[in-house]
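Read through the structure below, which is laid out as structure tokens, and then see the notes.
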Amino acid sequence: MMLFGRKLPAMSSLLVWAALWEVVGRMDLTFFVPPISAVFVTLFGLIQTTPFQNALGTTAYAFFLGVGFAIVIGIPVGILMGKTRFLDELLLPWVNIFISAPLTALVPVLMVLFGFGTKTIVITTTLFAIWIIILNARAGVMQINRSMVEMGRSFGASPLDAFFKIYLWAALPEILGGVRIGIIRAVKGVIIGQLLVSIVGFGALFELYSSNFLMKEFWAVLIVLFGLAFTISEFLGYLERKVSFYASAR
Amino acid sequence: MSQINPATLADARPALDSAVSVRNVSKNYGDVQALKNLSLEFPRGELTSLLGPSGCGKTTLLKIIAGLLPQSAGQIEVDGKTVTGPGPDRAFVFQDFALLPWANVLRNVAFGLELRGVAKSEREAIAEKYIREVGLAGFEKKFPHQLSGGMRQRVGLARALSVDAQVLLLDEPFSAVDEQTRRKFQEDLLALVANEKKTFIFVTHSIEEAVYVSDQIAILLPRPSRVSEIIRPTSFRGKGVDNIRRDPEYLDIVDEIWASLRSYVE
């Protein structure tokens, strides 16, 4: 960000919003916005409590498992769709239906199918993340040069070699972009799962704090969640920039 | 100078050893007939150019020989064996290089061997040898985006050489490099043909380039494609790279080819 011709340090916009938040909080306009300093004080108190740490553990477990499934299933499916016209025409309608579907409305159905436990929460998380990962991997493979594919064939690449040594790498910039967006959606998915399926983890904390109008605690948990999602997303953004040197030269 | 009608060619030189035979090959894309009943022999150890106006199907023919495209009718034989798909007896050099942008020069050159399951140390030793041969020593750890277009095509050439295929298929390999680099390439290619004892099939749209590098030039005419004539330059091949371009036969052949192609160029 530039201001008056000077380059500002990264994320300085956050400081502006934090200052504004603090001012509004101190003016005591609404109970909904407590001063951000108070939120942070609450935050540091909160993260030392066992319920919070348990909630973090439960949420992280469901989140990483869900994201893991979304990545491990989504990337190969997307690559195969980009590679094989038949699979693409077979699966693309479903991917497009689910990427625009209100998945929250589907959660009760999942509960009937998979019960009220962690399993359903993990599946919800996966369902939130997987479609964009599939679509991006597919788009990544579809833009691979025809000659790159022919090169693999003419030098006798086995299907497995072609997959792991050519397609996966050639589509990596798009795949990483898809995983980054998928992870952000998975954060939503895991919380929605924890709110609707069984009240555990961060979902339980949100439920508890908002129904008791404990806004400082509510915002504190939200900031923790934002911080985690932001860190992962920035890390993937960093990986994306590392491979961007060849994104333009494929 | 000798110019032989393709029909009499087989009778004139029956003993000539062919590395690649194309027999009555046709290729249809839907209703469009790209190649029609095309036959052509590629003598072993020589460089044959496929030359013709754009749309004459020369790249299509090359890709059929490579096994990358199926023909609609007819037969391709490499060393007497019928081609059914890509094989280790043929290696392809691509117009746009087709290098792995995420791999360095060494891995790119060794990639053909990597796909054939050759052990790492062995394939890298072979790759090193061909990297030196194409003049890229010292660039082993560089990535394709750090190289010029000409150097990238040298990587593509080294990759094709290192798999030690008997037939090298080159699809307009120098069309994406600048004029001076291209001239250097053409000289190097002559040395390569002389040293490597491989059969080269070379697609180009440049008449001068075809006449300069070829032992045999097949002129393809379009719609549908067929071989209109085969030209075998005789006198200037042994005179050294510096003298070819002012040899009377060279100039005559260039003029003559242009005269026969002129009417097909829009």
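The values are calculated or read from the model by the stated rules, or taken from the named source; none is laboratory data. Keep in mind the model is a prediction, meaning the values are calculated, not measured. Because the Cβ atoms are built from the backbone with ideal geometry, glycine has one as well, and the counts that use them run over all protein chains shown.
In the list B:ASP171, B:ASP164, which residue meets the criterion of being under 21 Å from B:VAL20 (Cβ atoms), touching a strand residue (DSSP E or B) at 6+ places or on another chain (Cβ under 9 Å) and modelled with pLDDT under 90?
Numbers: B:ASP171 fails: modelled with pLDDT under 90.
Testing whether each residue is under 21 Å from B:VAL20 (Cβ atoms), touching a strand residue (DSSP E or B) at 6+ places or on another chain (Cβ under 9 Å) and modelled with pLDDT under 90 leaves just B:ASP164.
Of the residues examined, B:LEU251 is one that is farther than 18 Å from B:THR48 by Cβ, among the aliphatic types (A, V, I, L, M) and not assigned by TED's automatic domain parsing to the domain that holds B:ASP79.
Residues checked against (1) more than 14 Å from chain A (Cβ to nearest Cβ); (2) at pLDDT below 85; (3) buried (at least 21 other Cβ atoms within 10 Å of the Cβ):
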residue	(1), (2), (3)
B:ALA110	no, no, yes
B:ALA125	yes, no, no
B:LYS141	yes, no, no
B:GLN146	no, no, no
B:ALA176	no, yes, no
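Taken over the stretch A:144-168, the residue count meeting the criterion of being small (Gly, Ala, Ser), assigned to a loop (DSSP other than H, G, I, E, B) and more than 7 Å from chain B (Cβ to nearest Cβ) is 1.
For (1) more than 20 Å from B:ASN104 (Cβ to Cβ); (2) in a strand (DSSP E or B); (3) small (Gly, Ala, Ser), each residue gets a yes or a no:
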| position | (1), (2), (3) |
| --- | --- |
| B:ALA160 | no, no, yes |
| B:GLU187 | yes, no, no |
| B:SER228 | yes, yes, yes |
| B:ILE231 | yes, yes, no |
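Could you say whether any residue in the stretch A:172-186 is within 14 Å of chain B (Cβ to nearest Cβ), farther than 30 Å from A:LEU46 by Cβ and surrounded by fewer than 20 Cβ atoms within 10 Å (Cβ to Cβ)? No, the stretch A:172-186 contains no residue that is within 14 Å of chain B (Cβ to nearest Cβ), farther than 30 Å from A:LEU46 by Cβ and surrounded by fewer than 20 Cβ atoms within 10 Å (Cβ to Cβ).
Of all residues in the stretch B:85-96, those that are in a loop (DSSP other than H, G, I, E, B) and either within 8 Å of chain A (Cβ to nearest Cβ) or without any contact (Cβ under 8 Å) to a residue 40 or more places away in the chain (or both) total 7. Taking every residue in the stretch B:191-218 that is farther than 18 Å from B:VAL134 by Cα and pairing it with any residue that is in a helix (DSSP H, G or I) and small (Gly, Ala, Ser), at least 6 positions away or on another chain, the pairs with Cβ-Cβ distances below 7 Å are B:THR204/B:ALA210; B:ILE217/B:ALA210. Among the residues of the stretch B:112-123, those identified as within 14 Å of chain A (Cβ to nearest Cβ), of a type outside the set (D, E, K, R) and either more than 14 Å from B:ASP164 (Cα to Cα) or touching a residue at least 40 places away in the same chain (Cβ under 8 Å) (or both) are B:GLY112, B:LEU113, B:GLY117.
All of (1) within 11 Å of chain B (Cβ to nearest Cβ); (2) hydrophobic (A, V, I, L, M, F, W, C); (3) over 27 Å from B:LEU169 (Cβ atoms); (4) crowded, with 24+ Cβ neighbours inside 10 Å hold for A:ALA137 with one exception: (1).
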